[in-house]
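Reading through the structure tokens given below for one structure.
Every number here is computed from the coordinates shown, using simple stated rules; none is lab data. Predicted, not measured: the structure shown is a model, and the values here were computed from it. Cβ sites come from the backbone with ideal geometry, for glycine too, and all protein chains shown count toward neighbours.
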Amino acid sequence: MDTKNLDQNYIANTYARFDLVADRGKGAVVYDENGKRYIDLGSGIAVCSFGMADDHWVAAVTEQLGRLQHMSNLYYTAPQTKLAKLLCEKTGMSRVFFCNSGAEANECAIKAARKYSSDKYGPGRSKIVSLINSFHGRTIATLSATGQEALHVDFDPFLPGFAHVPANDFETMKTACDDSVCAIMMELVQGEGGVIPLDRDYVAAVSEMAAERDILLIIDEVQTGNGRTGSLYAYMQYEIKPDIVTTAKGLAGGLPMGAALLGEKLKDTLTPGSHGSTFGGNPVCTAGAISVISRLDEEFLASVRAKGEYIKNALKGAKGVLGVTGMGLMIGISIDKPAKAAAARCIEAGAIVLTAHEKLRLLPPLNIGMDELREGIEILKGVLAQ
Ligand SMILES: *Cc1c(COP(=O)(O)O)cnc(C)c1O
């Protein structure tokens with residue numbers, strides 16, 4: 001039986017998949033089972049930071065694979081400590097907890113925030129305020145933090161201790177932050193919610209209020225992190241200093257890895273036995289992450305920003321395009337037709353694009369060449385003009 005039939009017969013039906021059976025790739029080019037070529041403007045939802053089968057990344061991962069593929073976190077391993085040092089030095093954060101996904105990184109953030117508050121203030125100060133239209137993951141705790149009613153249907157009851165407020169409305173945020181609140185959690189560019197950057201003044205005001213009241217600021221950089229928006233982490237462009245930064249997706253360039261970066265206040269919050277993960281900080285994933293993070297220097301990040309500008313300019317005023325949002329190589333496109341069908345037509349025409357609610361979303365490999373980027377955008381423009 002073919003892959004599509006097998007999928008329908010054996011895989012839980014949680015994804016309405018596009019009609020593409022991916023087989024192999026190199027850089028920003030992916031081939032399907034029949035050898036048809038596609039320009040990849042999605043990177044597996046911002047995961048393959050350096051595209052498919054990047055030479056540097058493959059070498060780093062396979063070298064580690066042949067040496068030591070896993071060791072329990074009961075013992076030390078060098079790649080894990082090396083990556084943690086790299087992340088702390090590049091961000092100014094103090095400690096790293098490694099896990100395997102974005103949801104788990106946010107679970108760690110939720111637990112660390114509650115423990116910080118419990119250690120310092122005792123019980124009853126455990127609420128976390130997040131934003132309407134946010135996305136923080138699919139586990140029950142991270143769904144409780146996620147401010148999208150559509151994702152909550154059928155999964156009651158959720159965890160107590162979460163509140164959702166509208167983005168870019170400081171007064172409502174301030175009112176929500178009563179004495180029961182230990183943390184505020186937000187994406188700086190809402191990704192799944194439609195590639196919507198938060199207002200700079202709003203983020204600055206929230207950050208200042210949170211610091212004054214010892215409310216921890218958790219920035220969810222699962223999608224925006226690791227160079228995606230043109231800085232190592234998006235918060236660096238908002239000129240704030242979060243207490244916790246969570247990340248995953250592009251961190252290890254295609255291997256499952258998440259991390260919660262903990263700031264000075266939380267340096268000693270997590271203690272032996274308070275949290276853990278069997279696979280977290282796995283040496284193979286860590287080797288992939290070192291290969292990704294160590295290449296995201298200022299010159300490279302400038303090229304990410306330049307390519308983002310190229311896309312915005314190329315789409316400005318194009319037929320069928322109503323507006324373009326985003327930062328760096330995280331782009332949302334408002335269009336005059338249903339997004340899902342338009343994405344399917346792009347794929348048929350040879351460009352893999354994503355959607356986010358009613359928009360198209362582009363998250364190309366950070367190192368996509370200009371020729372391939374141009375080719376992908378021309379395909380997209382052709383579909384949108386129809
Ligand atoms: C994708 C995403 C998550 C969830 O990550 P998983 O690895 O799928 O658990 C959480 N937050 C944001 C902002 C995301 O984009």
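Distance in nm between label sites at residue 149 and residue 336, each 7 Å beyond Cα in the beta-carbon direction?
3.1 nm
Could you tell me the distance between the Cα centroids of region 335-381 and region 273-296, to the nearest Å?
Cα centroid of region 335-381 versus Cα centroid of region 273-296: 30 Å apart.
Within a Cβ distance under 12 Å of residue 4, other residues only, what is the Lys/Arg minus Asp/Glu net charge?
Within the 12 Å Cβ shell, the charges total -4.
I need to check one value: relative contact order of region 111-211, counting alpha carbon pairs closer than 8 Å and at least 6 residues apart, in percent.
Once divided by the residue count of region 111-211, the mean separation gives 31 percent.
In region 94-132, whose amide N lies under 14 Å from the spot 7 Å out along Cα-to-Cβ of residue 180? List them in ranges.
123-130
Once amide H atoms are built 1.01 Å from N in the peptide plane, which residues 5 or more positions from residue 146, or in another chain, come under 5 Å H to H?
136
In debye, nearest 20: dipole of region 68-293 around its Cα centre with unit charges on the Cβ of K, R (+) and D, E (-)?
Once rounded to the nearest 20, the dipole reads 840 debye.
Could you give the dipole magnitude of the chain about its Cα centre, charging the beta-carbon of Lys and Arg +1 and that of Asp and Glu -1, in debye to the nearest 20?
In total the dipole reaches around 320 debye.
Please report, largest first and rounded to whole Å, the three semi-axes of the ellipsoid equivalent to the chain, where each semi-axis is the square root of five times an eigenvalue of the C-alpha gyration tensor.
Working: eigenvalues 216, 129, 82 Å².
So the three semi-axes of the chain are 33, 25, 20 Å.
How large is ³J(HN,Hα) for each residue in region 132-139, as worked out from phi by the Karplus curve 6.51 cos²θ - 1.76 cosθ + 1.60 (θ = phi - 60°), to whole Hz, x for Gly and Pro?
5, 6, 7, 9, 10, x, 10, 6
In whole Hz, with x marking every Gly and Pro, tabulate ³J(HN,Hα) for region 166-176 from phi via Karplus 6.51 cos²θ - 1.76 cosθ + 1.60, θ = phi - 60°.
Once rounded to whole Hz, the list reads x, 5, 6, 10, 5, 4, 5, 4, 4, 5, 5.
Residue by residue, what Karplus-based ³J(HN,Hα) values in Hz, rounded to whole numbers, does region 370-386 have, using 6.51, -1.76 and 1.60 with θ = phi - 60° and x for Gly and Pro?
Those phi angles translate into 4, 5, 5, 4, 4, 4, x, 5, 5, 4, 4, 4, x, 5, 5, 6, 6 Hz.
Summing -39500 (n - 2.57) over the DSSP H runs of n ≥ 4 in the chain and dividing by its residue number, what mean residue ellipticity at 222 nm do you reach, to the nearest 500 deg cm²/dmol?
One gets -11000 deg cm²/dmol as the mean residue ellipticity at 222 nm.
I'd like the distance separating the alpha-carbon centroids of region 208-260 and region 139-153, in whole Å.
Using only Cα atoms to place each centre, the spacing works out to 20 Å.
Using amide H atoms built 1.01 Å from N in the peptide plane, name the residues 5+ places from residue 181, or on other chains, whose amide H lies under 5 Å from its own.
127
Amide H neighbours of residue 162 under 5 Å, at least 5 residues apart or on other chains, H built in the peptide plane: list them.
128
Taking the convex hull of the Cα atoms, report for region 68-293 its projected area averaged over all directions, in nm².
Result: 11.8 nm².
Compute the long axis of helix 78-91 from its Cα atoms, compare it with the longest principal axis of the Cα atoms of the chain, and write down the angle in degrees, 0 to 90, nearest 10.
Computed tilt is about 80 degrees.
If R₀ is 22 angstrom, what is the calculated FRET efficiency for the pair residue 310 and residue 349, using the beta carbon separation as r and rounding to 0.05?
Using R0 = 22 Å, I get an efficiency of 0.65.
At a Cα cut-off below 13 Å, give the aspartates and glutamates reachable from residue 120, other chains included and same-chain residues fewer than 8 away excluded.
Within the straight-line cut-off, residue 120 pairs with 214, 268.
Could you order the peptides 75-83, 327-335, 183-191 from most to least packed, using the average number of other C-beta atoms within 10 Å per residue? Walk me through the numbers before you get to the answer.
On the way: 75-83: 15.8, 327-335: 23.4, 183-191: 25.8.
Highest to lowest by the protection proxy: 183-191, 327-335, 75-83.
Report the Cα-based extents of region 67-126 along its three principal axes, largest first, to the nearest Å.
If we take the Cα atoms of region 67-126, the spans are 48, 25, 21 Å.
Could you please tell me the mean projected area of the C-alpha convex hull for region 38-155, averaged over all directions and given in square nanometres to one decimal?
Answer in nm², one decimal: 11.7.
With the contact rule set at Cα under 8 Å and sequence spacing of 6 or more, what percent relative contact order holds for region 68-293?
29 percent
Could you tell me which of the pairs 26/111; 265/359; 249/319; 90/265; 90/249 are separated by over 28 angstrom between their Cα atoms in the structure shown? Mind dumping the intermediate values first?
Numbers: 26/111 39 Å; 265/359 38 Å; 249/319 32 Å; 90/265 18 Å; 90/249 18 Å.
From the list (26/111; 265/359; 249/319; 90/265; 90/249), the Cα-Cα distance tops 28 Å for 26/111; 265/359; 249/319.
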